[in-house]
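Every number in this text was worked out from the coordinates using simple rules, so none of it is lab data. Note that the coordinates shown come from a computational prediction; the quantities given were computed from them, not determined experimentally. FYI the Cβ positions are ideal-geometry reconstructions off the backbone, even for glycines, and counts take in every protein chain you see.
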Amino acid sequence: MALKVLLITATDAEAEALKKIQGIKSCPDGFLLGQSEVSLLVTGVGSIATSWAMTKWLSSNSRPDLAINIGIAGSFRDDIEIGDVVVPVSDCFADAGIETGSGFITLEEAGLADPDRFPFTDGKIIAENKYCNMAMNFLKPAKAITVNSASGSQETINRLLTKYNPDIETMEGATFFYICSGGKLPFMALRSISNKVEPRNKDKWNIPLALINLSEKLKEFLLIV
């Protein structure tokens with residue numbers, strides 16, 4: 001029996017990672033590769049667009065067996081290099097909180113949210129299932145944070161590193177985790193590193209390499225699963 005997969009990307013460029021897989025076939029409802037039937041959803045960039053598009057799709061279509069979020073990401077770590085593809089194993093809404101005279105505090109630290117209220121564990125959403133384990137057989141795990149504004153100043157970067165000690169940064173990941181966890185929908189993510197999180201300098205980015213490698217690892221995972 002085929003595995004029904006919902007593949008979610010923020011942009012059309014990221015969606016090409018699926019479409020460019022050698023051997024993939026188009027079908028009326030999406031794409032076929034091995035034993036996977038893949039429906040593609042391009043949401044738009046950011047948490048709000050992702051939330052709206054995913055909620056609308058899931059309320060209008062039959063439930064998939066697995067949801068996968070793919071895309072590019074920024075790396076905080078020297079050992080997670082541009083072009084590497086990683087598996088986010090935890091995520092959180094890193095800029096949801098309150099600024100005070102002495103710095104930034106999270107909603108949990110302000111007493112406005114319970115850090116262990118489902119689907120959170122200590123303020124994070126954890127991705128832990130057989131599909132993540134499969135991917136981690138050949139890809140690095142990564143601690144992710146999700147932000148509404150991509151980090152581009154050293155002050156912001158230092159604050160995020162001190163507060164969360166993250167490996168990577170995206171603009172949609174925690175929203176995807178939240179919706180899937182809340183709906184008890186099996187999920188996993190693949191993120192390919194396009195840039196280092198540093199004072200913004202797009203001359204150092206390599207989005208084409210990130211997308212090529214993302215396509216290769218997505219193919220590998222879909223054929224395994």
- Task: Fewest Cβ neighbours within 10 Å first, please rank E172, E128 accordingly.
- Result: E128, E172
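Let me know the longest stretch in the chain that avoids all trypsin sites (Lys or Arg not before Pro) found in a DSSP loop with at most 15 other C-beta atoms within 10 Å. Intermediate values should be presented prior to the final figure.
Details: sites that count: K20, R117, K184, R200.
The longest uninterrupted stretch comes out as 21-116.
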- Task: Pull out the extension gain between Q154 and L209, defined as 0.36 nm times the separation in residues minus the alpha carbon to alpha carbon distance; nm, one decimal.
- Result: 17.3 nm
- Task: Compute the length gained on full extension between K20 and M136: take 0.36 nm times their separation in residues and subtract their Cα-Cα distance, giving the result in nm to one decimal.
- Result: 39.5 nm
- Task: With a point put 7 Å past each Cα toward its Cβ, work out how far L185 is from E109 in nm, to one decimal.
- Result: 3.2 nm
- Item | Dipole moment magnitude, nearest 20 debye, the range 3-224 about Cα centre, only Lys, Arg, Asp, Glu C-beta charged | 560 debye
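Run the numbers on the chain and let me know its relative contact order in percent, using alpha-carbon pairs under 8 Å that are six or more apart.
After rounding, I find 30 percent.
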- Among the lysines, which fall within straight-line cross-link reach of K25, defined as a Cα-Cα distance under 27 Å, with same-chain neighbours fewer than 8 residues apart omitted? K4, K56, K130, K217, K219
- Listed residue (I68, P166, F118) projecting farthest to the positive dipole end of the chain, Cβ model: I68
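Based on DSSP H assignment, which helices of the chain show an axial Cα extent of at least 24 Å together with a mean Kyte-Doolittle hydropathy greater than or equal to -1.0?
Correct list, ordered by number: 207-224.
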- Please order C132, C180 by the number of other Cβ within 10 Å, starting at the fewest. C132, C180
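Sorted by mean Cβ packing within 10 Å, highest first, what order do the peptides 39-45, 64-70 take?
Result, highest mean Cβ count within 10 Å first: 64-70, 39-45.
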- Item | Rounded Å value of the spacing that divides the Cα centres of the range 130-155 and the range 56-73 | 18 Å
- Subtract the Cα-Cα distance of T11 and L161 from 0.36 nm times their separation in residues, and report this length gain in nm to one decimal. 51.3 nm
- Which option, (1) 27; (2) 37; (3) 23, is the value of percent of Cα pairs over 29 Å apart that was calculated from these coordinates? (3)
- Task: Could you work out which residue, out of F176, F187, F120, moves most in a Gaussian network model of the chain, that is, has the largest mean-square fluctuation with Cα springs under 10 Å?
- Result: F120
- Calc'd 3J(HN,Hα), the range 77-90, phi into Karplus 6.51 cos²θ - 1.76 cosθ + 1.60 (θ = phi - 60°), Hz, glycine/Pro = x, comes to 10, 5, 8, 10, 9, 4, x, 5, 10, 10, 10, x, 10, 8
- Query: In deg cm²/dmol, rounded to 500, what helix-only [θ] at 222 nm does the chain give when every DSSP H run of at least 4 residues adds -39500 (n - 2.57) and the total is split over its residues?
  - Reply: -9000 deg cm²/dmol
